[in-house]
Structure formats: C-alpha cells, structure tokens
Amino acid sequence: MNWSKGVDKDGRPAPDPEKEPARDGRLVSPDEGGATNWRPPSFDPKTGLFIVSSDDSYGVYFYKPEDGAYGWAGADYGILDIGALRAIDYQTGKIRWSHPLGNGSGAGVLTTDSGLTFTGDAARSFIALRTSDGSTLWHSSIGHLDNAPVTYLLDGRQYVLASSGGVLFAWALPDKPH
C-alpha cells in the first residue's frame, strides 16, 4: 500500500499527497478494486482468525482537466492484480496463512463453527478451506461468485448457499467437522 503515509491520531488513513492523480500519472496501490474494500470478511472465534479476501493491485491515476477526468480516467493498465485469502490473527495483526485466489478474484468470506471457510476464486470456483490452516478441502466450478456465501439450518442439517450468474447453489455440510 502506498497511497497512505500511515494513520492519524484518530486511526484514519493519512493520504500521501504524492499519490494524488497527476497529469503524468501516479502509480497507486491498491487500485480501486484492491485491498479488501467491499468484500465481506469473516471472523472465526475458535481460531482467532479474521479472514479477508484481498487483492494486491496497482493502478495508474491521472488528472486530465481538459477532459474533465480526475482519478482513474478510465485507464486500467493491468499492472498487477493478485488475489489471496488471508487469515489474520486478530490479536497480533500477523498473517497466519495465505491462500492464493488468482488474478482479479475476490468474493465474500464465510466461516463456520465446524472449522470451514468458504469463498470464491479466479478459476470461477466456489471453494471450501480448512479455517485453521487454509488448505483446500473441496471446490465446485459454479462460475464467478456474486456474493458472500451464507449458511442456514433446515431440518437439523446445515447448508451453505452461494450464487453465480443469477443462480443459487446449496450444499449440505457434512455432519462431522473436517
């Protein structure tokens, strides 16, 4: 991250004036789709992990007053865009594990009491990981995940629900945790 010089006394980011859009362009990280801005994260109280779908990305930002354009100016040069699911220890802030998701990926995250984490990846798969270490347990190629997955209980059985392309998909979870 290079658009901020750190945080102010109130804990808010302190923007770096050198990264404001300029006529000759400024390389900024993350770009508007980067970090973990809009994708819902999840917290697992058993492991103490705060799990986020993040994006390491860069964009070039311009200021073109003659076109009335300010900011990204419609130019995406695809400089860098690497997605990862990161498990952050909420007490130390250290990343305990990272699971690659691929370029241009990102979906919301769901953790369950049984030790499972669900999200989507750039391969257009819905994936289940072991929350404790991030290892892949299962995947299904349903297409780009449109939302954060949710879970529900029906007749004593737990299900996980996700959507892709306007279609809802539901899977029954195993009775025993992984």
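The values are calculated or read from the model by the stated rules, or taken from the named source; none is laboratory data. Model, not experiment: these values are computed from the prediction. Cβ sites come from the backbone with ideal geometry, for glycine too, and all protein chains shown count toward neighbours.
Things worth noting here:
- Filter result (farther than 18 Å from G106 by Cα and at pLDDT below 90) within segment 142-178: L173, P174, D175, K176, P177, H178
- Within segment 23-49, tally of residues that are at pLDDT 80 or above, hydrophobic (A, V, I, L, M, F, W, C) and either touching a Gly at 6+ places or on another chain (Cβ under 8 Å) or more than 21 Å from S132 (Cα to Cα) (or both): 2
- Test for A107: is it in contact with a Leu (Cβ under 6 Å, 6 or more places away or on another chain) and at pLDDT 90 or above: no
Residues are listed down the side, and each one gets a yes or a no for (1) more than 23 Å from F50 (Cα to Cα); (2) of a type in the set (A, V, I, L, M); (3) exposed (fewer than 12 other Cβ atoms within 10 Å of the Cβ); (4) touching a Leu at 6+ places or on another chain (Cβ under 6 Å):
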position: A128; (1), (2), (3), (4): no, yes, no, yes
position: G134; (1), (2), (3), (4): no, no, no, no
position: S140; (1), (2), (3), (4): yes, no, no, no
position: V150; (1), (2), (3), (4): no, yes, no, yes
position: R157; (1), (2), (3), (4): yes, no, yes, no
position: F169; (1), (2), (3), (4): yes, no, no, no
position: A172; (1), (2), (3), (4): yes, yes, yes, no
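- The criterion of being among the small types (G, A, S), farther than 30 Å from G25 by Cα and touching a Gly at 6+ places or on another chain (Cβ under 9 Å) holds for A87.
- Residues in segment 111-127 that are on the phi < 0 side of the Ramachandran plot and either without any contact (Cβ under 8 Å) to a residue 24 or more places away in the chain or charged (D, E, K, R) (or both): D113, D121, A123, S125, I127.
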